[in-house]
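Laboratory data are not the source of any read-out in this text; all were calculated from the coordinates shown. Here the structure is a predicted model, which means the values were calculated and not measured. Neighbour counts are summed over all protein chains in view; Cβ atoms, including those assigned to glycine, are modelled from backbone coordinates with ideal geometry.
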Amino acid sequence: MSVTLDESTIKSWTSDAGAVVSIHDLRVFYGNFLAVTGVTFDVPKHQITALIGPSGCGKSTVLRCINRMNDLIPGARVEGQILYHGQDICTSQVDPVEVRRRIGMVFQKPNPFPKSIYENIAWGVKINGITGNMDELVERSLRQAALWDEVKDKLQESGLALSGGQQQRLCIARTLAINPDVILMDEPASALDPISTLKIEDLMRELERQYTIVVVTHNMQQAARVSDQTIFFSLDEHRHGVLIEAGRTRDMFTNPRDQRTEDYITGRFG
Amino acid sequence: MSSQTTFRSRAMATSPIEQPSNLTRRKARASLVQWLLFVVTALAIVILAALLWDISASGARWLSLDLLTNTSSRKPENAGLRPALLGTLWVIGLTALFAFPVGVGAAVYLEEYAPNNRWTRLLKTNISNLAGIPSIVYGLLGLGVFVSLFALGRTVISGALTMALLILPVIIIASQEAIRAVPPSLRQAAFALGATRWQVARDHVIPAAMPGILTGIILSISRAMGETAPLLVVGAAAYVTFNPTGLTSKYTVLPMQIYEWARRPQQDFQDLAAAAIIVLLLLLLMLNATAIYLRQRFARNVKW
C-alpha cells in the first residue's frame, strides 16, 4: 500500500504551521550502532536552516533522512518521525522515490552525470514525466542557478568539462529543474575555492525566496552568512550524535545558550 | 650495515644533500626487476611468434578461397572448411544471443537490486566457482539437459545453449566488476532526482559499465570459439559436408574440423589443419577488432 502526498493537504497544512519539515525524536542506527539520537527541530518554509557541528556528529545523517537517501545505505535504520507537510515520510508506506522528487539534494562533491550539460538538466525532468518545452526548462534552470551565461554556448559539452564551482551549480540547476519543494545541501561548497563558494552562497540567498533549504556546513562563517536558523549538533559521552541547540542564527552566533555551542562557534572546540 | 652508514655519511659530509646509504643497492635492485620483467614479457612474445611462424609455414600453402568455400573431402586438394566456418558462426552467434542478456541481467540484479544477505553472498561465491569448472563438465550437462531431456538432439541449438552456460559465469563476473566500478556518487545523484532503481540502472549504471561489460563478453566469446570439449560431448559431428541450415541442423565447428584433419596420418591434412588454425585466428582477431570498435563507441556515449 502506498500513500500519495496529496497537493491540497500539503497546502492547507503548511499555511497553519509554517514548517515544511518537522523532525520529532529522530534516531538513526547503522547496524547496531546508534549514530544519532533524540533530534527534534522544524524547518521553516522559505528559509535556510544550517546544520553545524564537529565531524561525525550526524549532521549529514540527519540530512539524508529527510529525503530517504539513508535507505540506500545497507544496515541504516531510522526511528522517530519526519513530518513533511504533516505527513510522516519515514514509514515504509511512503515511496522514497516520491519523497526525493519533492525534496532534492546537492552533494558535497559535485557529481554531474557523465553526459552533456543539457542532458544533465533534462534527465531528471524526463524520468519524472514532466512535460513542456525542454529547451526553455533547461535555460530557466540554468539561469536560476546563475550558470546560463557561462554555458549557453556549450550545452552539448560534457558536464564534467566544467570547473568544480560550475559543476556544483549545474547540480543545483539539475535539482531545480524538477521543481522541488525543499533542497538539501550536504556541504555544497566544501570542495570549492572561495570565489566559487561565494557564488554558491549568493545563489542560496536567491533560491531561498522560492525554496526551503537545509544545508550542512563545516564553515562557521558560511552558516553565519547564509542561514536564518542554525541547528548545532555534537557528540554525547557515548559518542552518539545529539542536538545541542537550535535557534535563530543571529541569536546563536551572538548569544549562544549552551557552553558547547559557544566553544564550537568561537573555535575553541577540538 | 651501520659501519657502512657512518662511512658514507662521513664521505658525504661536504655534499649539500646527504645521500641515503642504501641508494645504490636500491637502484640496482630496481633495474634488476625491470630487466626480469622485460625478459618474461619477451619470452611470452617469442613463444607466441614461434608458434605462429610454425603454423604459417605449414598452413600458408593451403590458404585459398577454395579452403573457405569447399566442404571437407577425402582428397586434400578438394578439402575446405565452409561447413565448419558457418557452424562456428551459427553456434557462437547464438551463444552470444543467449549469454549476453542473461549474463548482464544477472549482474545488474546482483549488484543493483539484490539485498546484501547470506543468500546473495552464497550466490556470488558459487558463480565464481562455476567459472572454474572444466568445460567438459558443461558438455556433459548439455548432453543430459539439452540433448536428452529437452530432446533437442545433437543440433546447433544444443551446442549454443551449452556454450552459453559455459561462458555465463565469466560474463556475469566481468559485468559485476564493471558495474561495481561505476562511482556510487553517480547513483546517488540519480536517486536524489527521484529516479527508480531501473531508471538509475538503465540510464547511468549500465551505460557507464558498458565498455567493461563488452570486454568481458568478447573475451568469453573468444574462449567459446576455441572450445572443443563440450561440443564434442553434445555432438558436433566431425565430418560434415553440408551447411548448417537452422537451429535444429547438424553441424561442426572450426576446432572440430581442425581436430579431424590433424589426426589424419597424411602430411597434407596436417597442413590443412594449420591453415584452418590460421582461419580461426583471423576470425578471433576480427572479433576482437569489433569489440574494440564497440567499446570506443559506447565510451563516447558517456562523456567523462
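Of note:
- In chain A, Cα pairs under 8 Å separated by at least six residues give a relative contact order of 25 percent.
- Order of A:ASP202, B:ASP271 under a 10 Å beta carbon neighbour criterion, fewest first: A:ASP202, B:ASP271
- Backbone amide hydrogens, once placed in the peptide plane, bring A:ASP42 within less than 5 Å of A:ILE23, excluding anything fewer than 5 places away on its chain.
- Chain B shape via C-alpha gyration tensor axes, a/c threshold 1.5: oblate
- Based on C-alpha pairs under 8 angstrom that are at least 6 apart in sequence, chain B has a relative contact order of 24 percent.
- In percent, rounded to a whole number, the relative contact order of the stretch A:17-65 is 34, using alpha-carbon pairs under 8 Å and six or more apart.
- Each part gets one Cα centre, and for the stretch B:277-304 versus the stretch A:166-204 those centres are 41 Å apart.
- Nearest-0.05 FRET efficiency for B:LEU37 and A:PHE33, computed from C-beta distance (R0 51 Å): 0.65
- Spin-label zone in the stretch B:161-189 - amide nitrogen under 16 Å from a point set 7 Å from the Cα of B:LEU140 along the C-beta vector: B:166
- Note, ³J(HN,Hα) from phi for the stretch B:275-280, Karplus 6.51, -1.76, 1.60, rounded to Hz, x at Gly and Pro: 4, 5, 4, 4, 4, 4
- Lysine pair count for chain A [Cα-Cα under 19 Å; pairs on different chains or 8 or more apart]: 7
- For the stretch A:217-229, 3J(HN,Hα) per residue [Karplus equation, 6.51 cos²θ - 1.76 cosθ + 1.60, θ = phi - 60°, Hz, x = Gly/Pro]: 9, 9, 9, 4, 4, 5, 4, 5, 5, 9, 8, 8, 10
- Note on A:GLU79 and B:PHE150: with the Förster distance fixed at 45 Å, the Cβ-Cβ geometry gives a FRET efficiency of about 0.30.
- Fewest-first sequence of A:MET185, B:MET225, B:MET163 by Cβ atoms within 10 Å of each Cβ: B:MET225, A:MET185, B:MET163
- The phi torsions of the stretch B:97-107, fed into the Karplus equation with coefficients 6.51, -1.76 and 1.60 and a -60° offset, translate into couplings of 4, 6, 6, 4, x, 5, x, 5, x, 4, 5 Hz, rounded to whole numbers, with Gly and Pro shown as x.
- Our compactness index for the stretch B:216-270, the C-alpha radius of gyration over the empirical 2.2 N^0.38 Å, is 1.28.
- Taking only the C-alpha atoms of the protein assembly as shown, the Rg (one decimal) and the largest Cα-Cα distance, Dmax (whole number), read 32.7, 103 Å.
- Computed extension length for A:GLU136-A:GLN259: 39.2 nm, one decimal, from 0.36 nm per residue of separation with the Cα-Cα distance subtracted.
- Above 18 Å, the calculated P(r) of the stretch B:221-304 contains 57 percent of its Cα-Cα pairs.
- Taking amide H as placed 1.01 Å from N in the peptide plane, A:ALA35 has its amide H under 5 Å from the amide H of A:VAL28, A:PHE29, A:TYR30, each at least 5 places away in sequence or on another chain.
- Pair-distance profile P(r), taking every C-alpha pair of the stretch B:46-155, with 5 angstrom steps and integer %: 2, 8, 9, 13, 14, 14, 13, 11, 7, 5, 3, 2, 0
- Between the amide H of A:ILE130 and any residue lying 5 or more places away or on another chain, no distance stays under 5 Å, with hydrogens modeled in the peptide plane.
- Here the sum of -39500 (n - 2.57) over DSSP H runs of 4 or more residues, divided by the residues of the protein assembly as shown, equals -17000 deg cm²/dmol at 222 nm, to the nearest 500.
- Alpha-carbon centroid distance for the pair the stretch B:82-108 / the stretch A:109-140, whole angstrom: 37 Å
- When the trypsin sites (Lys or Arg not before Pro) in the stretch A:125-170 are filtered for DSSP coil states and for at most 16 other beta-carbon atoms within 10 Å of their beta-carbon, the remaining sites are A:LYS152, A:LYS154.
- Neighbour-count order for B:THR252, B:THR215, fewest beta carbons within 10 angstrom listed first: B:THR215, B:THR252
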